[in-house]
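Below you'll find the structure, written out as structure tokens, and then a few comments.
Rule-based calculations on the coordinates, nothing more; no lab input. In this text the structure is predicted, and so the values were computed from the model without any measurement. Note that each Cβ is placed from the backbone with ideal geometry, even for glycine, and that neighbours are counted across all protein chains shown.
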């Protein structure tokens with residue numbers, strides 16, 4: 001298996017790798033949308049745990065800490081793997097879904113109103 005990098009790996013390749021891994025283990029039988037969404041939430045919680053009680057700006061230092069970095073990378077990988085497998089099981093085209101969501105967000109958060117603000121679109 002060739003090493004993967006963001007610059008050289010497509011979403012399709014990632015999805016195929018996840019699907020092959022799952023199929024080799026006969027895990028598709030357990031991967032319902034309910035179970036995958038719950039696993040995704042659980043893994044997101046494990047990622048958040050690394051930053052618990054950190055203030056916003058110092059949390060970047062936590063993410064860059066060489067001692068903590070491997071565990072943080074493993075947790076974000078788990079989150080993405082479950083999201084990819086959810087898309088596989090549900091037949092969701094991630095690129096199309098992201099494009100549609102970004103277009104909807106662009107309407108809700110126009111640059112002239114949202115730049116530099118963290119307010120919800122209803123408060124802009």
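Here are some notes:
- Cβ-Cβ under 7 Å pairs, at least 6 apart or on other chains, segment 83-101 side over 22 Å from residue 26 (Cβ atoms), far side assigned to a helix (DSSP H, G or I): 94/11; 94/87; 95/11
- Of the residues making up segment 35-45, at least one is more than 16 Å from the chain's Cα centre (by Cα) and within 17 Å of residue 91 (Cβ to Cβ).
- Residue 71 fulfils the conditions (1) touching a helix residue (DSSP H, G or I) at 6+ places or on another chain (Cβ under 8 Å); (2) touching a residue at least 12 places away in the same chain (Cβ under 8 Å) except for a single criterion, (1).
- When segment 20-40 is filtered for residues that are in contact with a helix residue (DSSP H, G or I) (Cβ under 9 Å, 6 or more places away or on another chain) and under 14 Å from residue 78 (Cα atoms), the ones remaining, listed by number, are 21, 22, 36, 37, 39, 40.
- Scan of segment 47-75 for residues that are under 25 Å from residue 15 (Cβ atoms) and surrounded by 15 or more Cβ atoms within 10 Å (Cβ to Cβ), ordered by number: 47, 72, 75
- Search result, residues across segment 2-24 that are without any contact (Cβ under 8 Å) to a residue 40 or more places away in the chain and under 29 Å from residue 68 (Cβ atoms): 2, 3, 4, 5, 6, 7, 8, 9, 13, 17, 21
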